[in-house]
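Derivation of every value follows stated rules applied to the coordinates shown; laboratory data play no part. It should be emphasised that the depicted structure is a prediction, and the values quoted were computed from it without experimental measurement. All Cβ positions, glycine included, derive from the backbone under ideal geometry; neighbour counts span all protein chains shown.
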Amino acid sequence: MNRRIYVSILLSMLAMSGLTLGAAAQQDKGVSMKSVQRLNRAPVNRDVLQIKLPRPTESKLPNGLTLLLLERHKLPTVSFVMWVNTGSLDDPKDLPGLAKFTADMLREGTARRTSSQLSSEIDAIGGTLTAEVDFGATYTQVSASGFSESADRVLDLLSDVVLNPAFPSDELEKYKRRQAAELDEQRSDPSFLSQERLYRSLYGESPAAVIAPTAASIQSVSSAQLKQFHDGHYLPNNAVLGITGDFDSKQMMALVQKYFGGWKQQAYTPKAPVVPAAGAKKIVLVDRPESVQTNIILGELAVPRNHPDYFGLRVADHVLGGGTAARLFLNLREDKGYTYGAYSSFSPDTYARPLVANTEVRTDVTDGSMHELLGELTRLREEPVPAAELDDARRAIVAGFALSLESPTSLLNRWMEVKHNGLPWDYWDKYPAEIAKVSPEVIQSVAKKYYDPNHLQIVCVGNAKAVREVLAKYGPVEVYDVDGKKVQ
């Protein structure tokens, strides 16, 4: 395994150095970055394409808790990762952020320990203990780690915060003050404002449109509401516990039974996220009069993680904006000098998540930047990706995948992803080969299907007086203020 990883690192470095040297040579001659030639390309090693990941053993406790155990004896450490299948999609409409509040408050005190006692005990054994959930995610992650000799104590602490959170009112009041300050800071950030409007345009009234709590939800949430949400969603039959590191599986099973065997299951039916049909193309402008730049973000809904089109979209996204060697960066920064960076991203879940491209540019080059962004989408749909460029993208994805296998926790998370998204058990064994099979025709096919100009949602945050007429050239424009209110 290590030999294969080192080969991947070398291939990645060779590919990167070849691209950098080629790009520099082209810039020195004043040639458009679209004509950059990628030099010194190394082929993808067949060992990497045929890699077989070490698999965890899967079992269940009588209460329904699924266990994934992956022994890795290289270091004397152990890591626990629990995914509880709940997130912001389960938030009540009048209380956005409840899932996040619940996760954040798990560490703030239990029936047995105060917040400071939890911190002291974790610090005393050199361990970690975290809980988090992202808006839009369909699972909450609670993680703990430490030395193998402290596995019993780490698991004791993990089980305590998962099973017995107290949501103390004094800690909740401190938390509310921190969250209110964080929300104020977010609402002054143009990147947040652009993302907020994009997700609202894509998802409408669905809970998936929400990317932050409101001031009202922060102030009104109570300890009783947190407990009610916890008791209704944090259930053994609604969770997966993954464990990796230096341990004996039989002994670890006994420890897990000791700390989680008494967790009572309940009947539970997870909510299927409602994703609206794609709307007509629209441009939303968030007026920020003091802005000297325009934040541009555009996107369309794509596919769930287990969709067959995932592989084509993964490579297409990398070609478009997956880094400093991708088209958006080379065009808008290196060739035009409009921005410090331009990127795209694609992070699917168990439901359709968006393909997103974004950049921040000077106000006076808003028109040119829009032209180039939309032009790159058109190019991806209408022109086959050249063989050398496609090879670079596929190689970078495969090399990045191989590098991720060095970390036991990253490896475990790969298997948690398989379980959560209902992927086949041999998914990662085939992943490099599936990426390598993506052809120019496949990229054009998925680009035409999911980068559809008739349904593209575009959001710009900037000075409306300076850019509104410019944006109107590209489609109908709706204007909002920074508080999300529509401007007539």
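Relative contact order for the chain: what percent, with Cα pairs under 8 Å and sequence separation of 6 or more? Present the calculation step by step, with values, prior to reporting the outcome.
Details: 894 pairs, mean separation 102.5, N = 488.
Taking the mean separation of contacting Cα pairs over the length of the chain, I get 21 percent.
Based on the alpha-carbon set only, what is the convex hull volume of segment 340-398 divided per residue, in Å³? All intermediate terms of the calculation are to be shown ahead of the outcome.
Numbers: hull volume 7.8 nm³, N = 59.
Taking only Cα atoms, segment 340-398 has a hull volume of 132 Å³ per residue.
Under 18 Å from a point placed 7 Å out from the Cα of residue 272 along the Cα-to-Cβ direction: which residues of segment 294-329 have their backbone N that close?
Correct set: 302-308.
Computed from the coordinates I sent, Cα Rg over 2.2 N^0.38 Å equals one of (i) 1.05; (ii) 0.96; (iii) 1.40. Tell me the label.
(i)
For segment 277-487, what's the relative contact order in percent, using C-alpha pairs closer than 8 Å and at least 6 residues apart?
Details: 353 pairs, mean separation 87.2, N = 211.
Worked out over segment 277-487, it gives 41 percent.
Could you list which residues have their amide H under 5 Å from that of residue 242, counting only those 5 or more apart in sequence or on another chain, with H placed in the peptide plane?
The list, which skips near neighbours in sequence, is 68, 81, 82, 83.
Could you quote the convex hull projected area for segment 179-333, Cα atoms only and averaged over all directions, in nm²?
Values: hull surface 62.6 nm².
Answer in nm², one decimal: 15.6.
Could you please rank 95, 403, placing first whichever residue has the fewest other Cβ atoms within 10 Å of its Cβ? Before the final figure, lay out the partial values.
Working: 95 19, 403 15.
Placing the least packed residue first, the sequence is 403, 95.
Please report the antiparallel percentage of the DSSP beta bridges confined to the chain, to the nearest 5.
75
Against the empirical 2.2 N^0.38 Å scaling, what ratio does the C-alpha Rg of segment 277-487 come to? Walk me through the intermediate numbers first.
Working: Rg = 18.4 Å, N = 211, 2.2 N^0.38 = 16.8 Å.
So segment 277-487 has a normalised radius of gyration of 1.09.
For segment 145-201, what ratio Rg/Rh do Cα atoms give with a Kirkwood hydrodynamic radius? Don't skip to the answer; put the middle values down first.
Working: Rg = 18.5 Å, Rh = 14.9 Å.
Taking Rg over the Kirkwood Rh, I get 1.24.
Using amide H atoms built in the peptide plane, which far-off residues or other-chain residues are under 5 Å from residue 479 H to H?
Counting only residues 5 or more places away or on other chains, the set is 285, 487.
Among 176/485; 60/258; 100/486, which pairs are too far apart, with a Cα-Cα distance over 18 Å?
Working: 176/485 25 Å; 60/258 14 Å; 100/486 28 Å.
Distance filter (> 18 Å) returns 176/485; 100/486.
Can you pull out the trypsin sites (Lys or Arg not before Pro) in segment 107-154 that DSSP calls coil and that have at most 16 other Cβ atoms within 10 Å? All intermediate terms of the calculation are to be shown ahead of the outcome.
Details: sites: 107, 112, 113, 153; in loops: 112, 113.
Here the sparse-neighbourhood loop sites are 112.
Taking the Cβ-Cβ separation of residue 75 and residue 383 as r and a Förster radius of 51 Å, what is the calculated FRET efficiency to the nearest 0.05? Before the final figure, lay out each step's value.
Numbers: r = 48 Å, r/R0 = 0.94.
Using R0 = 51 Å, I get an efficiency of 0.60.
Kirkwood Rh over alpha-carbon pairs of segment 58-260, then Stokes-Einstein at 10 °C and 1.306 mPa s: what D in µm² s⁻¹, rounded to an integer? Numbers along the way, then the final one.
Values: Rh = 18.0 Å.
The calculation lands on 88 µm²/s.
Output ³J(HN,Hα) for segment 154-163: one whole-Hz value per residue in order, computed from phi by the Karplus curve 6.51 cos²θ - 1.76 cosθ + 1.60 with θ = phi - 60°, and x for Gly and Pro.
Calculated HN-Hα couplings, in order: 5, 5, 4, 5, 4, 5, 5, 6, 6, 8 Hz.
Based on the Cβ-Cβ distance of residue 466 and residue 116, what FRET efficiency does E = 1/(1 + (r/R0)^6) give at R0 = 60 Å, to the nearest 0.05?
On the way: r = 51 Å, r/R0 = 0.85.
Efficiency at R0 = 60 Å is approximately 0.70.
Assuming R0 = 41 Å, what is the FRET efficiency of residue 57 and residue 482, from their Cβ-Cβ distance, to the nearest 0.05? Walk me through the numbers on the way to the answer.
Numbers: r = 52 Å, r/R0 = 1.26.
Between residue 57 and residue 482 the formula returns 0.20.
Where a Cα-Cα gap under 12 Å defines reach, which aspartates and glutamates qualify for residue 271, not counting those fewer than 8 residues away within the same chain?
In chain and number order, the partners are 90, 91.
Ranked highest first by average number of other Cβ atoms within 10 Å, how do 355-368, 75-88 line up? Working shown, then result.
Working: 355-368: 20.3, 75-88: 21.8.
Top of the packing list down: 75-88, 355-368.
Answer with one residue from 324, 368, 350: the one whose Cα lies farthest towards the positive end of the charge dipole of segment 291-372, charges on Cβ with Lys, Arg +1 and Asp, Glu -1.
350
Helix-only mean residue ellipticity at 222 nm, the chain, DSSP H runs n ≥ 4 weighted -39,500 (n - 2.57), per residue, nearest 500. What is it? Walk me through the numbers on the way to the answer.
On the way: 17 runs with 214 residues, N = 488.
It comes out at -14000 deg cm²/dmol, rounded to the nearest 500.
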